[in-house]
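Every read-out reported here was derived from the displayed coordinates using simple, explicitly stated rules and does not represent laboratory data. Just so it is clear, the model here is predicted, and its values are computed rather than measured. No Cβ is skipped: glycine too gets one built from the backbone with ideal geometry, and neighbour counts run over all protein chains shown.
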Amino acid sequence: MLDFAGKRWWYLGFSGVFFLAALAALAVWGLKPGIEFTSGSTFTIEFKERTVTQAELRQAMRDLGHPEARVQQSGTNTFIVRTNELENAPSLTGGAGPVPPGEIDDIERGLQERFGALERKDFATVSGSVSSEIARYATLAVIAAAVAILFYIWLAFRQLPKAWRYGACAVIALVHDAVIVMGLFAVLGEFRGVEVDTAFITAILTVIGFSVHDTIVVFDRVREMVTRDPYIPFEESVNASLTETLARSINTSLVVVLTIVAMLLIGGETIRNFLLVLLVGIVAGTYSSIGVASQILVAWENRDFAKLWRKMRGQQELAAEAA
């Protein structure tokens with residue numbers, strides 16, 4: 001039996017470094033919102049006749065009266081362009097149909113005159129009211145998922161003393177996973193121009209579900225051992241549960257990770273960010289079920305946090321008396 005609980009501060013310290021780094025990235029750079037969360041227009045174009053660089057396209061957009069345009073390369077000679085809301089542009093929620101003449105047509109003609117033939121692959125625009133509504137509902141969806149998970153685990157483990165701790169530890173682990181993913185995308189947004197969209201929220205919710213699933217498997221084994229023999233030290237119950245479920249968790253995650261890597265290699269640009277969220281989130285979720293949720297539960301049961309607080313208070317009092 002492996003002694004996971006005995007090394008819990010190593011696991012928590014390792015997670016804490018990445019968690020604090022992700023928080024720092026979010027505080028300094030924040031996430032770069034996509035069109036769904038801020039009003040504006042976006043379109044994808046592919047140049048057919050000559051190779052075009054990001055700098056050239058950015059300068060061309062300035063010359064066409066759009067200095068605010070953000071240009072991101074998404075493939076060979078293919079670019080995603082984001083501008084302020086263009087006039088006479090179909091709404092993202094406006095349905096299908098031909099694009100009416102408007103600013104996008106003027107931009108397309110101007111780019112064709114400068115760079116030759118091109119193909120506009122898609123076009124979408126979102127008004128400010130729609131984007132704020134999407135952002136609000138996305139935030140509420142994540143909060144609702146966390147609260148529902150807390151109450152579900154609380155009810156599922158209600159026969160154990162202080163069952164709410166199991167739910168709280170699972171929520172802490174999923175917050176850990178979500179923050180690490182968001183921290184990574186804050187870095188990618190700053191240095192690679194990667195934006196977050198509604199697919200990002202979908203991926204975050206998927207990661208949350210995967211993380212909680214792994215955590216519940218471990219906690220359910222802990223419940224069985226504690227119920228069967230309540231006199232076994234809690235640390236031993238957690239160690240035995242983690243040892244028994246470790247192979248299952250790693251094998252399950254490995255299969256999913258290999259599938260995602262394959263899709264990253266052969267999939268298109270449109271789903272790449274979604275897959276990247278899943279990849280990082282699933283790896284973090286597998287680790288957090290072992291090194292975060294379970295270890296926080298052990299530390300909580302052993303009153304480690306209360307002991308640490310009392311020790312810190314005692315040192316502060318001694319420092320105050322010496323002063």
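Length gained on full extension, Leu20 to Asp105, computed as 0.36 nm times the residue gap minus the Cα-Cα distance: 26.0 nm.
Counting only aspartates and glutamates at least 8 places from Lys121 when in the same chain, those with an alpha carbon closer than 15 Å to its own are Glu46, Asp105, Glu108, Glu269.
Take the Cα of Lys311, go 7 Å toward its beta carbon, and none of the backbone nitrogen atoms of region 150-175 fall under 19 Å from that spot. For the peptides 180-190, 64-74, the ranking by mean Cβ contacts within 10 Å, running from highest to lowest, is 180-190, 64-74.
Centre-to-centre, using Cα atoms only, region 156-201 and region 285-300 are separated by 14 Å.
Can you list the residues of region 180-213 with backbone N under 14 Å from a point 7 Å past the Cα of Asp122, pointing along Cα to Cβ? Output list for this probe position: 195-200.
For region 224-290, applying the loop criterion from DSSP together with a ceiling of 16 other beta carbons within 10 Å to the chymotrypsin sites (Phe, Trp or Tyr not before Pro) yields Tyr231.
Given springs between every Cα pair under 10 Å in a Gaussian network model of the chain, which of Glu46, Glu119, Glu235 has the largest fluctuation? Comparing Glu46, Glu119, Glu235 in the GNM, the peak value goes to Glu119. Report, ordered by chain and residue number, the lysines lying within cross-link reach of Lys307, taken as a straight Cα distance under 27 Å and ignoring same-chain residues fewer than 8 apart. Candidates past the 8-residue exclusion: Lys7, Lys162.
Length available on full extension from Gln59 to Gln159: 0.36 nm per residue minus the Cα-Cα distance, which gives 29.4 nm.
With contacts taken as Cα pairs under 8 Å at a separation of at least 6 residues, the chain carries a relative contact order of 25 percent. The angle between the Cα long axis of helix 128-156 and the main principal axis of the chain comes to about 20°, on a 0 to 90 degree scale.
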